[in-house]
Amino acid sequence: MSFASHYAYGVTIFLMVAGLYILIASGNLVKKLIGLGIFQTSVYLLYIAPGKLIGGTAPILAPEFTVYSNPLPHVLILTAIVVGVATLALGLAIVVRIREAYDTIEEDEILAADMAEDAGQRS
Amino acid sequence: MAVVVVAMVVRRNLFSVVVLAGIYSFLMASVLVALDAVDVAMTEASVGAGISTVLLLSALYLTKGEEAKPMRGPWIPLVVSIAVGGALVYGSLGLPAFSDPQAPIHTHVVPRYLQQSLKETGVPNVVTAVLASYRGYDTLGETTVVFTAGAGVIVLLRLRKRRAENKAAK
Amino acid sequence: MRGDLVLRVISKLFIPFMLLFALYVLFHGELGPGGGFQAGVIAAAAIMFYAIIFGLPAARRLAPDAVVEAMVAAGVLIFAGVGVAGLVLGGNYLDYFVLDRNPVRGQERGIFWVEVGVAVTVSGVMLKVFYMFAGRGRDPEDA
């Protein structure tokens with residue numbers, strides 16, 4: 001197999017790794033959510049790229065065309081996009097509440113505040 | 001797109017990261033059009049570049065912090081991500097080549113959808129027909145998920161009024 | 001941003017067009033790209049645009065909180081209602097074939113109402129989330 005035939009997967013994997021890195025390495029909660037979004041879009045690419053047929057067209061039936069790209073991944077990804085934005089909205093609402101409770105959205109400060117509170121309660 | 005993503009990784013000013021995320025969504029939508037996924041591209045452009053950006057900006061406004069500070073070194077996450085990437089590359093070698101008409105994705109149930117959907121549903125847009133009719137239960141579930149997310153946000157962000165009233169009453 | 005002339009004029013030109021485009025995408029989703037989700041998101045984006053330019057209270061007058069909250073639930077009810085209509089008329093749940101004497105017309109009708117339900121819920125949720133985020137305001141202690 002050649003490089004060109006698997007190029008789409010290469011792009012997908014790069015985006016996935018980048019999203020994963022942002023997700024793991026950021027201390028800031030909002031940046032983590034953005035990394036999660038990048039990860040999700042790379043998964044969309046993972047599903048849709050194999051469905052494309054060169055020389056085909058969008059899956060809307062018309063008398064002039066005979067070859068269509070695969071409509072099934074489109075349906076799944078349509079659902080996935082909307083669920084993704086619902087997740088983002090809920091995640092941001094939680095981040096706003098965390099900000100009001102801890103006065104910060106940096107992960108290590110929140111962890112330190114939690115541990116200090118635990119130590120204070122135990123003593 | 002790779003350039004935009006790398007810039008997002010490196011930049012620490014969250015406002016610029018959000019704008020870069022919007023650019024990234026638009027680029028992704030153009031790639032999706034090139035892959036013949038027009039419905040998905042429209043949804044990704046409107047949702048990713050429109051709603052996501054607005055929500056992120058309002059969340060940034062509410063959380064005051066605009067800069068992400070550096071943490072413990074970046075090496076462990078980098079190693080983990082690259083290891084995962086390596087595993088994914090190894091897995092992708094077994095996947096079918098790009099635009100292979102004999103790939104399993106094209107041969108099971110999709111020819112039936114493509115041929116029968118106009119006769120059975122009278123709707124030329126196959127994606128809408130599959131979404132609303134052949135896989136209608138999934139769409140019902142998804143609508144419920146969106147509803148639940150909305151209800152969750154309402155619950156999370158509503159109590160503030162009572163607290164403000166308590167503060168005013170004291 | 002109310003005072004900026006260019007933004008005001010442009011938004012007054014664009015917003016009716018955006019709402020109309022959302023309706024077009026919804027109804028035309030069977031013949032071209034589009035459908036419920038896109039239409040809902042575009043409609044919500046139009047109202048958000050109006051809120052950003054003219055202020056949140058003006059947008060709240062245009063689309064009051066009670067209406068938006070009702071929309072959130074009504075869309076799911078419409079969708080489920082189509083399913084129950086299928087049950088009542090003799091078929092399975094969410095069966096579109098029985099909705100009309102001609103099964104193909106029944107499918108078209110079912111798909112149309114399902115897309116309307118989806119669009120109503122999606123636009124309601126997006127708008128409600130925006131209202132909640134934008135209407136919250138910063139904590140007065142850390143001004």
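What FRET efficiency would be calculated for the residue pair B:K119, A:E64, taking the C-beta separation as r and a Förster radius of 22 Å, to the nearest 0.05? Write out the running numbers ahead of the final one.
Working: r = 18 Å, r/R0 = 0.84.
In this case the efficiency is close to 0.75.
Limiting things to C-alpha atoms, what are the Rg and the maximum Cα-Cα separation (Dmax) for the stretch C:39-143, in angstroms?
18.4, 65
So what's the angle, to the nearest 10 degrees on a 0 to 90 scale, between helix A:29-48 and the longest Cα principal axis of chain A?
So the helix axis and the longest Cα principal axis differ by about 20 degrees.
Among A:H74, B:H108, A:H6, which comes first, second and so on when ranked by fewest other beta-carbon atoms within 10 Å?
The most exposed by this proxy come first: B:H108, A:H6, A:H74.
When Lys and Arg each count +1 and Asp and Glu each count -1, what net charge do the other residues less than 12 Å away from C:P103, Cβ to Cβ, add up to? Mind dumping the intermediate values first?
On the way: positive: B:K119, C:R101, C:R105, C:R109; negative: B:E120, C:D95, C:D100, C:E108.
Neighbour charge sum, excluding C:P103 itself: 0.
Taking the number of other C-beta atoms within 10 Å as the exposure measure, put A:L111, C:L19 in order starting with the fewest.
Listing A:L111, C:L19 from fewest to most nearby Cβ atoms yields A:L111, C:L19.
In terms of the Cα gyration tensor, with a ≥ b ≥ c the square roots of its eigenvalues, is chain A rounded because a/c is under 1.5, prolate because a/b exceeds b/c, or oblate?
Details: a/c = 5.19, a/b = 2.51, b/c = 2.07.
Prolate shape, in that a/c is at least 1.5 and a/b is the bigger ratio.
Sort C:S11, B:S16, B:S117 so that the residue with the fewest other Cβ atoms within 10 Å of its own Cβ comes first and the one with the most comes last.
Listing C:S11, B:S16, B:S117 from fewest to most nearby Cβ atoms yields B:S16, C:S11, B:S117.
Which angle from 0 to 90°, rounded to the nearest 10, does the C-alpha axis of helix C:103-134 make with the longest principal axis of chain C?
20
Using R₀ = 45 Å, calculate the FRET efficiency as 1/(1 + (r/R₀)^6) where r is the Cβ-Cβ separation of C:K12 and B:Y90; round to 0.05.
Numbers: r = 56 Å, r/R0 = 1.25.
According to the calculation, E is roughly 0.20.
Could you pull out every residue, at least 5 positions away or on a different chain, whose amide H is within less than 5 Å of the one on A:Y68? Hs are placed 1.01 Å off N in the peptide plane, and Pro or chain starts have none.
Residues meeting the criterion, in which the H sits 1.01 Å from N, are A:T57.
If Lys and Arg each add +1 and Asp and Glu each add -1, what is the summed charge of the other residues whose beta carbon sits under 14 Å from the beta carbon of C:G81?
After counting each charged neighbour, the total is -1.
Taking the Kirkwood radius as the inverse of the mean 1/r across Cα pairs, report the Rg/Rh of the protein assembly as shown.
Here Rg/Rh amounts to 1.00.
Once the other residues with Cβ under 15 Å from the Cβ of C:V41 are scored (Lys, Arg +1; Asp, Glu -1), what is the net sum?
In short, -3.
Bear in mind these aren't lab numbers, they're just calculated from the coordinates by the rules spelled out. All figures in this text were calculated on a predicted structure; none of them were measured in a lab. Methodologically, a virtual Cβ is constructed for each residue, glycine included, from the backbone with ideal geometry; neighbour enumeration extends over all protein chains shown.
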